[in-house]
Amino acid sequence: NGYVAQDPDNEKYYLTVKLFHIGQAIADQTDFLAEARRVMTALRDKVNLTVTIGQYEEEGVRVLDMLKHRSEFEISARPGAFFDFHCSAQGKVALAFGPAHLWSKLRSHSLKAWTKKTNTDIEGLRKEIKQVKQRGWAIAPEEVLSGINAMSAPIFGSTGNLSGMITVLGSVQHLQRRPDAAQVAALVDAGGEVSARLGYREVIAV
C-alpha cells in the first residue's frame, strides 16, 4: 500500500512519506480542535446555546466535539454524529465554502426529507447556498429534527480553505428561524477567532 519501501542496496525497509502525510493530517486535526475548544466556552456562555465543532467528509458533515449549554432541557449532538449536506447548517456551510465537488454528491441521488421542513429541491438549495456564501453563516430550522434549530459559521485554515465549522443549536424557541442579530454576530465572530488562531488572514479587496 505504499507505506514502506525497500532499499535496493541493503534490502532494508523504511517508512515512506505517505505515512508522514497521515501523521500530519492527524496533527492538523488536533490543532484544529485545540484552537476551537479555546473559543467554544465563550460562545456558549454568550448565546446560552450548545456549541459543536464539525468537519466535512465526502458524504456529509461530522460532529467532532460538543459543549453543552446546561439548562432544564438540554439539546446536544454527540461527537461522531453525521449529517447530510442539504439539511444541516454545517452541511450548508460546507457546500458554500468547501470544495465544489461536494455538489456532485447531491446530484447523484434524491435529497432525503428528514422532516416536513427539509428542503429537498436542489435548485432551491442552490439559491440558499448562494445566500449563505454572501452572508457568512447558515441555518437549518427543523430540517433534521422537528423543534430543533442550528446555525453554523465557517472556520478557515491558514491556506484559506475550509477547515470546519462552528455551530450553535437549540430549540426553535431560543434559536429562531430568523435568529437574533446578537446570536449571529457572536457565532460569526467565534468562527473568525478560530480561523485567526489557525493562521487564516482574510484578504480584503480594495
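Structure notes:
- When residue 35 is tested against the conditions (1) over 25 Å from residue 180 (Cα atoms); (2) at pLDDT 90 or above; (3) in contact with a Lys or Arg (Cβ under 7 Å, 6 or more places away or on another chain), the lone failure is (2).
- Among the residues of region 93-113, none qualifies, meaning not one is under 20 Å from residue 177 (Cα atoms) and touching a Cys at 6+ places or on another chain (Cβ under 7 Å).
- Within region 97-113, at least one residue is in a helix (DSSP H, G or I), aromatic (Phe, Trp, Tyr) and at pLDDT 95 or above.
- Restricting region 1-25 to residues that are open to solvent by 40 Å² or more (accessible area, probe 1.4 Å) and polar (S, T, N, Q), the residue that is modelled with the lowest pLDDT: 24
- Here residue 129 meets each of (1) modelled with pLDDT under 95; (2) open to solvent by less than 20 Å² (accessible area, probe 1.4 Å) with one exception, condition (1).
- Taken over region 34-55, the criterion of being over 15 Å from the mean Cα position of the chain (by Cα) and not hydrophobic (A, V, I, L, M, F, W, C) is satisfied by 38, 41, 44, 45, 46, 48.
- Restricting attention to region 155-206, the residues that are over 21 Å from residue 99 (Cβ atoms) and open to solvent by less than 30 Å² (accessible area, probe 1.4 Å) add up to 11.
- Count of region 60-71 residues which are within 13 Å of the chain's Cα centre (by Cα), touching a residue at least 24 places away in the same chain (Cβ under 8 Å) and open to solvent by 40 Å² or more (accessible area, probe 1.4 Å): 1
- Residue ID - surrounded by the fewest Cβ atoms within 10 Å (Cβ to Cβ), chosen from residues in region 132-153 that are farther than 19 Å from residue 50 by Cβ and in contact with a strand residue (DSSP E or B) (Cβ under 7 Å, 6 or more places away or on another chain): 136
- For region 85-113, a tally of residues being touching a Ser or Thr at 6+ places or on another chain (Cβ under 9 Å) and surrounded by fewer than 19 Cβ atoms within 10 Å (Cβ to Cβ) returns 4.
- Number of the condition not met by residue 141 [criteria: (1) in contact with a Leu (Cβ under 9 Å, 6 or more places away or on another chain); (2) modelled with pLDDT under 95]: (2)
- Residue 50 vs. criteria open to solvent by less than 80 Å² (accessible area, probe 1.4 Å), among the polar types (S, T, N, Q) and at pLDDT 75 or above: yes
- Filter result for the condition that a residue is at pLDDT 80 or above and closer than 18 Å to residue 193 by Cα, over 65, 28: 65
- In region 72-98, the residues that are over 11 Å from residue 60 (Cβ atoms) form Cβ pairs under 6 Å with partners that are modelled with pLDDT of 95 or more and open to solvent by 50 Å² or more (accessible area, probe 1.4 Å), at six or more places apart or across chains, as follows: 96/133.
The values are calculated or read from the model by the stated rules, or taken from the named source; none is laboratory data. Predicted model only: the values in this text are computed from it and were never measured. In this analysis, Cβ positions are derived from the backbone assuming ideal geometry, glycine residues included, and neighbour counts consider all displayed protein chains. Accessible surface areas use protein heavy atoms only, side chains included; no ligands, DNA or RNA. Shrake-Rupley method; radii C 1.70, N 1.55, O 1.52, S 1.80 Å.
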